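Trainee: Dropping the structure in here first, questions after.
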Amino acid sequence: MGSLILCHSKKASQPYEITRIHRRIYTLEELCYYISNNLYLIDYTVMNEQLCDWIEEELDMKDMAYTLKSAIKRHGAVEQFVLTILKHSGIYTKSEILQIQNVLEKLKNQKEIERKKYMGDNLLASGEVREAILVYQSIVYGETDESVDGTFYGNVYGCLGAAYGKLFLYEEAARMYENAFQICEEESMLISYIYCCKNYMTTEAYQQLLGKSTVYIGIDRELREMSEALAEKIQVDDSEQLLEKWREKYRKNM
């Protein structure tokens, strides 16, 4: 039997504007949707008297507004502030609230740039690859944050490589993995770099690359053994021309 979700019919005559993203909110459902889908953006800017007044006056939810204002006066945690809103809405199940609470706890001590990476990771995991690429690009091509460890940027480059790889854009992926390895010096990054090079380079160019290092030759041997073992289990349709057309179409849209 499905759970019953309580929907609040009250719609504000005057919207509450979330200035950070220039979005106007008219209902409690919209506010909850924004919070639950943007947990990585939640900070003390959301914990303010204006929001409480809007909930009280526009949504006529005086009890919740009183509870939220009390939390502000006590200098309560922002995580509990937003959880109060989500719980009071009646929209979420106990397990969903617990999941949101766990995410908020994880994000609590993270820097803004780390939260941004978390957003990219979630987008990538949910299949929103292009959106994830844009987030990762904003990190590596934006202003350098000296407060994070140097390997942080290496890991972001690695994530970018993985995202491009999911789109079969192996040349772009190879560049990202090369940057990642130069920073992190992790073997997995180097293996991914060689794999991507193998998939986009001409045979001559790839052989020239292998000639630069015995380590490259060893990785290539491992990749060929893995490929042969996999080929015995599945049959792969060779559609390289179709793939190339798709790559070109995607690059034009980037």
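The values are calculated or read from the model by the stated rules, or taken from the named source; none is laboratory data. The shown structure was predicted, so the numbers you read here are calculated from the model rather than taken from an experiment. Cβ atoms come from the backbone with ideal geometry, glycine included; neighbour counts cover every protein chain shown. Each accessible area value is taken on the protein alone, full model and side chains, heavy atoms only, with ligands, DNA and RNA left out. Shrake-Rupley method; radii C 1.70, N 1.55, O 1.52, S 1.80 Å.
Trainee: Restricting to the range 35-58, name every residue that is of a type outside the set (D, E, K, R) and crowded, with 17+ Cβ neighbours inside 10 Å.
Mentor: Filtering the range 35-58 for residues of a type outside the set (D, E, K, R) gives 35-42, 44-48, 50-52, 54-55.
Once the filter is applied, which keeps residues that are of a type outside the set (D, E, K, R) and crowded, with 17+ Cβ neighbours inside 10 Å, the range 35-58 yields Ile35, Ser36, Leu39, Tyr40, Leu41, Ile42, Val46, Met47, Leu51, Cys52, Trp54, Ile55.
Trainee: Mind checking which residues of the range 43-65 are in contact with a helix residue (DSSP H, G or I) (Cβ under 6 Å, 6 or more places away or on another chain) and modelled with pLDDT under 90?
Mentor: Tyr44, Met47
Trainee: Still on this structure, please answer the following. Find the residue count for the range 88-100, including only residues that are crowded, with 17+ Cβ neighbours inside 10 Å and in a helix (DSSP H, G or I).
Mentor: Step one: list which residues in the range 88-100 are crowded, with 17+ Cβ neighbours inside 10 Å, which gives 88-89, 91-92, 100.
Imposing the further condition that a residue be in a helix (DSSP H, G or I) reduces the set to 88-89, 100.
Residues that pass the stated criteria total 3.
Trainee: Moving on to the next point. Taking only the range 101-117 into account, find how many residues are open to solvent by less than 50 Å² (accessible area, probe 1.4 Å) and either closer than 18 Å to Gly161 by Cβ or polar (S, T, N, Q) (or both).
Mentor: First, pick out the residues of the range 101-117 that are open to solvent by less than 50 Å² (accessible area, probe 1.4 Å): 103-104, 107, 113, 115, 117.
Still in the running and either closer than 18 Å to Gly161 by Cβ or polar (S, T, N, Q) (or both): 117.
Residues meeting the conditions: 1.
Trainee: Looking at the range 190-215, which of its residues are open to solvent by 50 Å² or more (accessible area, probe 1.4 Å) and over 30 Å from the mean Cα position of the chain (by Cα)?
Mentor: Thr202, Thr203, Glu204, Gln207, Gln208, Gly211, Lys212, Thr214, Val215, listed by residue number.
Trainee: Could you give me the residue pairs with C-beta distances under 7 Å whose first residue belongs to the range 47-65 and is over 14 Å from Ile35 (Cβ atoms) and without any contact (Cβ under 8 Å) to a residue 12 or more places away in the chain, whose second residue is in a helix (DSSP H, G or I) and of a type in the set (Gly, Ala, Ser) wherever it lies, and which are 6+ apart or on separate chains?
Mentor: Matching pairs, first to second residue: Glu56/Ala65.
Trainee: Kindly indicate whether any position in the range 97-110 is basic (Lys, Arg) and either farther than 30 Å from Gln80 by Cα or modelled with pLDDT of 95 or more (or both). Write out each step before concluding.
Mentor: Looking only at the range 97-110, we keep the residues that are basic (Lys, Arg), and these are 106, 108.
Checking the rest, the ones that are also either farther than 30 Å from Gln80 by Cα or modelled with pLDDT of 95 or more (or both) come to none.
Checking the range 97-110: not a single residue is basic (Lys, Arg) and either farther than 30 Å from Gln80 by Cα or modelled with pLDDT of 95 or more (or both).
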